[in-house]
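Contents: one structure, followed by commentary.
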Amino acid sequence: MKEDWLTWIKRIQGIAQSGLAYTENEYDKERYHELLDIAAEMLSSNSDYSFEKIKETFESELGYATPKLDTRGVVFKDEKILMVREKIDGSWTLPGGWADVGLTPSENVEREVLEEAGYKVKAIRLLGVYDRDKVKSAPPFPFQIYKMFFLCELIGGAHRDNIETDAAEFFSLNEIDKLKIAKVSPHQIKRMFELKTGGSPDFD
């Protein structure tokens, strides 16, 4: 199945990247680069990414291969959840993005909510940690991603124009199914409504 192929591709890429990080043998380096080429060819044939672009991306990753981290802010007001609309395709998502080096996960999510939604928040509780690959509707991506969802207390602010989003609004649970949603799944959003009042965090 397509999901299996994607997992195999990422495992091959991860083995090759980690091998290149540690080996000093020139013959082994050549073999690991060949593995990267194979993984790039496999992903290119099963996605809209070009072989050259995938190969360039794979070869730019250095060191031991580990999953990438994405933090998402879960902000409620009057039983509605905060969503931002992305300029690139008009889709809605929970505010968030890649975790930056030098910041804690909670600091990352607070910064992302402020930048994308314009709201100052305080991260108060971890609600879930999910593997992006487990979402069947997610488009292919070259690397494994863990998504961390933090419940955030709303302090204040309002949406302001930025390079990523053009709107920030609060939606009820019943309104979620009417939205074009990307980067998180409708099921994950619905779980946030269920977890906001308590309970142990979700995890894959």
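Things worth noting here:
- For segment 134-202, applying the loop criterion from DSSP together with a ceiling of 16 other beta carbons within 10 Å to the trypsin sites (Lys or Arg not before Pro) yields LYS136, ARG160, LYS180, LYS196.
- Judged by the gyration tensor of its Cα atoms, with axes a ≥ b ≥ c, the chain is prolate; a/c meets the 1.5 cut and a/b is the larger of a/b and b/c.
- LYS68 versus PHE203: modelled label distance in nm, points set 7 Å from Cα along the beta carbon direction: 2.3 nm
- Crossing angle, helix 186-195 versus the chain [Cα axis fit, 0-90 degrees, rounded to tens]: 50 degrees
- Relative contact order of the chain: 22 percent, from C-alpha pairs under 8 Å at least 6 residues apart in sequence.
- Axis angle, to the nearest 10 degrees, between helix 26-45 and the longest C-alpha principal axis of the chain: 50 degrees.
- Degrees separating the helix 105-117 axis from the principal Cα axis of the chain, which is the longest one: 70 degrees
- The 3J(HN,Hα) values that the Karplus relation (6.51, -1.76, 1.60; θ = phi - 60°) gives for segment 87-101 are, in residue order, 5, 5, 9, x, 7, 9, 7, 6, x, x, x, 4, 6, 8, 5 Hz. Gly and Pro appear as x.
- The phi-based Karplus calculation (6.51 cos²θ - 1.76 cosθ + 1.60; θ = phi - 60°) puts the 3J(HN,Hα) values of segment 131-144 at 8, 4, 5, 7, 8, 4, 7, 6, x, x, 9, x, 10, 6 Hz, whole numbers, x for Gly and Pro.
- Overall form of segment 94-133 per C-alpha gyration tensor (a/c, 1.5; a/b vs b/c): rounded
- For segment 1-135, the residue among ALA65, GLY19, VAL109 whose Cα projects farthest onto the positive side of the dipole built from Cβ charges is VAL109.
- Under a model in which nothing but the beta-carbon of Lys, Arg (+1) and Asp, Glu (-1) is charged, segment 49-204 shows a dipole of about 380 debye around its Cα centre.
- Fully extending the segment from GLU56 to GLU194 would add 45.5 nm, taking 0.36 nm per residue of separation and subtracting the current Cα-Cα distance.
- If a spin label sat at a point 7 angstrom from the Cα of ASP89 along the line to its beta carbon, the backbone N atoms of segment 163-193 nearer than 18 Å would be those of 164-167, 177-189.
- Alpha-carbon centroids, segment 134-174 and segment 1-37: separation in whole Å: 32 Å
- Checking every one of the trypsin sites (Lys or Arg not before Pro) in segment 33-123 against DSSP loop status and a limit of 15 other Cβ atoms within 10 Å picks out LYS87.
- Modelled label positions at LEU179 and LYS120, each set 7 Å beyond Cα in the direction of Cβ, lie 2.4 nm from each other.
- 3J(HN,Hα) along segment 51-59: 4, 4, 5, 5, 4, 4, 5, 4, 6 Hz, from the Karplus curve 6.51 cos²θ - 1.76 cosθ + 1.60 with θ = phi - 60°, whole Hz, x for Gly and Pro.
- Between ASP28 and TRP8, the C-beta separation translates, for a Förster distance of 22 Å, into a calculated FRET efficiency of about 0.55.
- By the helix-only formula, in which each DSSP H run with n ≥ 4 contributes -39500 (n - 2.57) and the sum is divided by residues, the chain has a 222 nm mean residue ellipticity of -12000 deg cm²/dmol.
Every number here is computed from the coordinates shown, using simple stated rules; none is lab data. These numbers come from a predicted model, not from an experiment. We place every Cβ from the backbone using ideal geometry, glycine too, and count neighbours over all the protein chains shown.
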